[in-house]
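In what follows, a single structure is set out as structure tokens and then discussed.
Derivation of every value follows stated rules applied to the coordinates shown; laboratory data play no part. Just so you know, these numbers come straight off a predicted model, no measurement behind them. Cβ: placed from backbone, ideal geometry, glycine included. Neighbour counts: every protein chain shown.
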Amino acid sequence: MKRKLSHRLILLLFLIFPVIQNGFSFSNPSFTEDKSKNLQISVFDIDATPPVGSPMAYDPVRGSWDMGLRARGIVLVGAGLPVVLCSVDWIGIANESHDEFRKVMAEAAGTTPDRVALHTVHQHDAPVCNFGAEKILKDAGMDPARYVSTFTSQVMYRLAEAIRESLNNTQTITHLGLGQATVYMVASNRRIKGEDGMIRATRYTACADSALRAEPEGVIDPIVSLVSFWNNDKPVAVLSYYAVHPQSYYRTGLPNPDFPGIARFYRQLAVPGALHVHFTGAGGNLGAGKYNDGSKENRGILAERLADGMKRAWESTVKEPVSASSFRWNVEKVALPPSSDLENLKKEIKARENEVMFVSNTLPKIAWLNRCNEGKLIDIGCLCAGKARILHMPGELFVEYQLAAKAERPDLFVAMAAYGDYGPGYICTDIAYKEGGYEAGPASGVAPGSEKILKSAVKKLLYR
């Protein structure tokens, strides 16, 4: 009897095992993916330049510059549901805006929002998008000002349409290219410490103070990283990652992509067959201040220096054959603790409700606080591509996060894009909140403790 039962049990296991396997494949198709299957890629690129009269983050548009703003990216198809990587030449896309953009883009790509990585380059003569702040202002009967979504919503739907159309022109990816190089005389640390270890000055991206410019570069990541996708010998897309605040000068009323956009354009001219997409890394506490006194000529100089680094990274690129099984998309969801200053800001808004500019500047932080109180989570994404791990992070992240990620896995090619969900503002290291300075004040929407949460999420992603 026992022997018969064991035979039946074995037979039952053989019968149900394929079902169990199929069940796993539904939850994560990559588990049973054919290793010979090719990855497909499509590229998209639209104009994201606001028209004359539209609001930008600081000033309304009063004219045009030689170069406008772009929203561009790629869709990866074949490794599970599609993955969308997108970078926009705006200062930030925050809170509900970030949610809605990703939702609309995901629908267009036939995927889920957590597989859409949406970032901004963070140029300052550009729009800021925050549907949550707009709603608060409108509900209070106030002018939504810089947050009016007429133009930004149009871009959102045009972006979705561009993604949808791009899927009609996918190409096979046979190789992945990885390259890195040092960028010279662009980035420097903004936070200048005194002898007591406290921040005594901020060396902003344009620094007229010669004494501050004479200070050392400080802690930076000088490396520009390039990830390229190839169809045999033909490059289809090149993604670049570099950590620095991307301003030479601004408040011109002329939408422009500043020096990173110019550098990207130089590389587009040099390698015209591939779409070039640039991501700003963890540059929250970095700027070009040591090498930029604000002179107009420096925009071109900084662009040439960054483009030179990109060129050398391109020349150092090593290609490896890949298939769909070489790629994975992983996500960690995190809740960041809101800054205690935000509750005080709520009270201050009531006391200063007639000061339109103060209210307008403060409401994005309140929109972020509301989301934290509602239990909203932030997605930390990681594209595993061959030997590369590309991390997709929120806010104006300090460079120490990027350096820590690279130090955690020196055996891998690690790159980082920050300025995802712009809602948190500056995300400092815990010690920075004790040191003081602009970034660690009201400009930061998160509290100490965020460092542990983010580094833990990054570590999990790097070891998957």
* Asked: Quick one: Debye curve from the C-alpha atoms of the chain, no solvent, what's log10 I(q)/I(0) at q = 0.10 Å⁻¹?
  -> -0.71
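At a 10 Å Cβ-Cβ cut-off, how would you order Ser316, Ser87, fewest neighbours first? Mind dumping the intermediate values first?
On the way: Ser316 13, Ser87 26.
So the residues, fewest neighbours to most, are Ser316, Ser87.
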* Structure fact -> Restricting to lysines and to Cα separations under 16 Å from Lys193, and discarding same-chain partners fewer than 8 apart, the set is Lys290, Lys434
* To do: Show that you can apply the helix-only estimate: for the chain, add -39,500 (n - 2.57) for every DSSP H stretch of four or more residues, divide by all residues, and state [θ] at 222 nm to the nearest 500.
  => -11000 deg cm²/dmol
* Structure fact -> For the stretch 67-202 (alpha-carbon point model, no solvent) the Debye-based log₁₀ I(q)/I(0) at q = 0.09, 0.10 Å⁻¹ works out to -0.40, -0.49
* Asked: Short version: ³J(HN,Hα) in whole Hz for each residue of the stretch 109-116, in order, from phi by Karplus 6.51 cos²θ - 1.76 cosθ + 1.60 (θ = phi - 60°), x for Gly and Pro, what are they?
  -> 8, x, 9, 10, x, 6, 10, 10
* Structure fact -> Long-range amide H partners of Ile427, meaning residues 5 or more apart or on another chain whose placed amide H is closer than 5 Å, are Glu396, Leu397, Phe398
* Mind running the shape call on the stretch 240-358? Use the C-alpha gyration tensor, a ≥ b ≥ c as the square roots of the eigenvalues: rounded below 1.5 for a/c, prolate if a/b tops b/c, oblate otherwise. => oblate
* **Label point distance in nm, Arg158-Glu374, each placed 7 Å from Cα along Cα→Cβ** => 2.8
* 26 Å Cα-Cα reach of Lys234 towards lysines, excluding residues that sit fewer than 8 places from it in its own chain -> Lys35, Lys37, Lys311, Lys319, Lys387
* Structure fact -> Site Asn169, offset 7 angstrom along Cα→Cβ, radius 16 Å on amide nitrogen, limited to the stretch 57-72, gives 71-72
* Asked: If the cut-off is 28 Å between C-alpha atoms, which lysines fall inside it for Lys138, apart from same-chain ones fewer than 8 positions away?
  -> Lys103, Lys346, Lys347, Lys350, Lys365, Lys376
* Structure fact -> Residues meeting the amide H criterion for Trp90 (H placed from the backbone, H to H distance under 5 Å, 5 or more places apart or on another chain) are Val121, His122, Gln123
* Pull up the DSSP beta bridges for the chain and report the antiparallel fraction as a percent, rounded to 5. => 75
* For the chain, find the longest principal axis of its Cα atoms and tell me its angle to the long axis of helix 399-408, 0 to 90°, nearest 10. => 30
